[in-house]
Amino acid sequence: MRKIIKNKGVFPDDKSITKIIYLALKNASKKWTMPIKEWSPCFESI
């Protein structure tokens, strides 16, 4: 997450940062091989 936010700099509104974080999580989840405990409630709230 830090790499993505650090490279972007300034965000025009909250919706744009939410979208970038969502897309980063979506891309990172493709690389995960083991499930994370209690991740479902967190991911559903996004």
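Residues within the reach of a label modelled at Lys15 (point 7 angstrom out along Cα to beta-carbon, backbone nitrogen below 19 Å), restricted to the stretch 30-46, are 46. Each residue in Thr33, Thr18 was given a count of other beta-carbon atoms within 10 angstrom of its own, and listing them fewest first yields Thr33, Thr18.
Where a number appears in this text, it was derived from the coordinates with a stated rule and is not lab data. Computed from a predicted structure; not experimentally measured. A quick note on method: Cβ atoms are made from the backbone with ideal geometry, for glycine too, and the neighbour counts reach across all protein chains shown.
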